[in-house]
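Visitor: If you scroll down you'll find the structure; I have some questions about it.
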Amino acid sequence: MRQYAVKGGAPLVGEVEIGGAKNAALGILAAALMADETVEIENVPDLSDIDVMLGALKTLGARVDKVNRHTVRINGSTVHTTSLLDDALNKIRGSYYFVGALLGKYGKAEVILPGGCSIGSRPVDLHMKGFRALGATAEIDHACMVCDSEKLTGSHIFMDGVSVGATINIMLAAVMAEGQTYIENAAKEPHVVDVANFLNSMGASIKGAGTDVIRIKGVERLHATHYSIIPDQIEAGTFMMAAAATKGDVLIKNVIPKHLESITSKLLEIGCEIEEFDDSIRVVSSKPFFHTQVKTAPYPGFPTDMQPQIAVVLGLAEGTSIITETIFENRLKYVDELVRLGANMRAEGNTAIIEGVQRYSGGNVTAPDLRAGAALVVAGLSAEGVTLISDIHYVERGYEDFPEKLRSLGAQIELVETDKDIQRFKLRVS
Ligand code: EPZ
């Protein structure tokens, strides 16, 4: 069984470089098939979800060339099918972006329903409603999203709820539709803006991404481009929490500090010191933490994807902290795992009630999903003794070279596969 073995207790110190944004890359890779010319995309994170997306592009017939670990060239002119039924695709979430991209370009799509982390019911009704508003038929049939249209026509779409996935997907479908589309109550996350910027660099006409209303004027074709994906807000935020929880001093490089504001303000509030530079941010944690309250919200609010990680830090704060999860109904599964490490917290509905403890103590835990898995690693780094984290395939979906990057900051963490590996690790760190 593949696990992370972590010996905690040492502050993280040094510099770490953040990679490209996974959730932007998922949208951008699907969007790339809409051009009949070669697009070159840089700063693509090297993650298992990305490999699945690249595999799907190949299945569709697109030419995919990896120039190097983080750069890929895609040419969609050879796409010969609009069906994606491979089971591998229902392991990830971003596969639904192929629906918007194929429908937008070819007028039809049949894609297996997405999977991704089990953090709530995660319906796709808003996506389907948007496609229908553009004039397509859109049904769920045999666990596939099936969409068809003679001609897509721009429309005025009011989103009933703020959804990152639906906003991006409708944007993809509308980019080549005839006329003007307005997406109201759109998601404003940095990755929504990045996908819009990528599409614009291919000749699309999208205005207002990053605000509540996105305006799209349909264009006939999209052309070649050379684009670099933004840094990953959540990877950066996770390292900020790791620096805080271990009482460390870390310079996190290649970030957009503006995207981290909600995270920065919470860390300042609980007593960390933060220095912002143009494209890096330094987190210094030397004092006891104050307790606080955190409520997740769509951007620019506190990200649901950072909620488990800040819970780890607040588990070490003086007094009672409260976390309210408002986006997904099942995102507190980490609470029981942290309790195994000595945390004093409980989940009541969508609220985590946290009484701070002095320190965590090492133990065996299981990652319930991607961000919760990363949070358990952070907890292990701040715990006394050795922590073993299993089901790390979740973590690997979102963090490139996580153990390596943490080791460069002085962490003692290793990927172990056998009992012998674990014994060796324990001997080495004792
Ligand atoms: C994206 O998921 C991210 N995934 C998630 O990151 C992230 O947690 C989430 O946005 C919120 O920021 C990707 O980008 C691939 P939503 P997504 O649509 O698009 C409801 C991670 O750890 N909703 O913004 O699936 C939904 O149930 C992952 O990297 C509908 O009701 O999230 C939720 O309550 C986990 N109907 C809310 O909207 C719909 O049709 C927001 O979900 C769509 C969504």
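Visitor: Looking only at strands (runs of 3 or more DSSP E) that lie completely in segment 262-302, which have at least 1 residues being more than 11 Å from ALA317 (Cβ to Cβ) and within 16 Å of the ligand (Cβ to nearest atom)? Show your work before the answer.
Guide: Details: elements: 273-276, 280-284, 293-295.
Those strands (runs of 3 or more DSSP E) span 293-295.
Visitor: Looking for whichever is at pLDDT 95 or above, touching an Asp or Glu at 6+ places or on another chain (Cβ under 8 Å) and surrounded by fewer than 24 Cβ atoms within 10 Å (Cβ to Cβ) here; the options are VAL164, VAL193. Which one fits?
Guide: Going through VAL164, VAL193 in turn, the sole match is VAL164.
Visitor: Six or more apart or on different chains, Cβ atoms under 6 Å: show the pairs whose first residue is in segment 105-125 and more than 26 Å from GLY76 (Cα to Cα) and whose second is surrounded by fewer than 21 Cβ atoms within 10 Å (Cβ to Cβ) and polar (S, T, N, Q).
Guide: Close Cβ pairs (under 6 Å, with a partner that is surrounded by fewer than 21 Cβ atoms within 10 Å (Cβ to Cβ) and polar (S, T, N, Q)) amount to ILE119/ASN330; GLY120/ASN330.
Visitor: Among the residues of segment 102-125, which ones are of a type in the set (Gly, Ala, Ser) and in contact with a strand residue (DSSP E or B) (Cβ under 8 Å, 6 or more places away or on another chain)?
Guide: Taking segment 102-125 and keeping what is of a type in the set (Gly, Ala, Ser), we get 104, 107, 109, 115-116, 118, 120-121.
Hits for segment 102-125 are GLY107, ALA109.
Visitor: Sticking with this structure for a sec: Please go through segment 6-25 and pick out each residue that is buried (at least 24 other Cβ atoms within 10 Å of the Cβ), assigned to a loop (DSSP other than H, G, I, E, B) and among the aliphatic types (A, V, I, L, M).
Guide: LEU12, ILE18, ALA21
Visitor: Next question, about the same structure. How many residues, within segment 401-415, are closer than 26 Å to LYS91 by Cβ and in contact with a helix residue (DSSP H, G or I) (Cβ under 8 Å, 6 or more places away or on another chain)? It would help to see each step written out before you state the result.
Guide: Residues of segment 401-415 that are closer than 26 Å to LYS91 by Cβ, as a first pass: 401-406, 413-415.
Going one step further and asking which of them are in contact with a helix residue (DSSP H, G or I) (Cβ under 8 Å, 6 or more places away or on another chain), we end up with 402, 405-406, 413-415.
Selection size over segment 401-415: 6.
Visitor: Right, here's the next one. Out of the residues in segment 196-248 that are touching a residue at least 40 places away in the same chain (Cβ under 8 Å), among the charged types (D, E, K, R) and part of a loop (DSSP other than H, G, I, E, B), state the one that is surrounded by the fewest Cβ atoms within 10 Å (Cβ to Cβ).
Guide: Restricting to residues being touching a residue at least 40 places away in the same chain (Cβ under 8 Å), among the charged types (D, E, K, R) and part of a loop (DSSP other than H, G, I, E, B), the top hit is GLU220.
Visitor: Something else about it: I'd like the residue in segment 149-173 that is away from the ligand (no atom under 16 Å from the Cβ) and of a type in the set (Gly, Ala, Ser) and, out of all such residues, is farthest from HIS191 (Cα to Cα).
Guide: The first filter runs over segment 149-173 and keeps only residues away from the ligand (no atom under 16 Å from the Cβ), leaving 149-156.
Next, from what is left, pick out any that are of a type in the set (Gly, Ala, Ser): 149, 154-155.
Working: SER149: 27, GLY154: 23, SER155: 23 Å.
Here the residue is SER149.
Residue-wise test of (1) at pLDDT below 95; (2) surrounded by fewer than 24 Cβ atoms within 10 Å (Cβ to Cβ); (3) within 14 Å of the ligand (Cβ to nearest atom); (4) under 13 Å from the mean Cα position of the chain (by Cα).
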{"site": "GLY362", "(1), (2), (3), (4)": "no, yes, no, no"}
{"site": "VAL365", "(1), (2), (3), (4)": "no, no, no, no"}
{"site": "GLY380", "(1), (2), (3), (4)": "no, no, no, no"}
{"site": "GLY385", "(1), (2), (3), (4)": "no, yes, no, no"}
{"site": "LEU388", "(1), (2), (3), (4)": "no, yes, no, no"}
{"site": "ARG397", "(1), (2), (3), (4)": "yes, yes, yes, yes"}
{"site": "GLU404", "(1), (2), (3), (4)": "no, yes, no, no"}
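Visitor: Within segment 130-146, work out how many residues are within 15 Å of the ligand (Cβ to nearest atom) and either surrounded by fewer than 17 Cβ atoms within 10 Å (Cβ to Cβ) or not assigned by TED's automatic domain parsing to the domain that holds LEU33 (or both).
Guide: Total meeting the criteria: 3.
Visitor: Hey, among the residues in segment 120-129 that are near the ligand (Cβ under 6 Å from one of its atoms) and among the hydrophobic types (A, V, I, L, M, F, W, C), which one's nearest to ALA374 (Cα to Cα)?
Guide: Across segment 120-129, the extreme among qualifying residues is VAL124.
The values are calculated or read from the model by the stated rules, or taken from the named source; none is laboratory data. All values reported here derive from a predicted model rather than from experimental measurement. Heads up, the Cβs are rebuilt from the backbone with ideal geometry, glycines too, and the neighbour counts pull from every protein chain shown.
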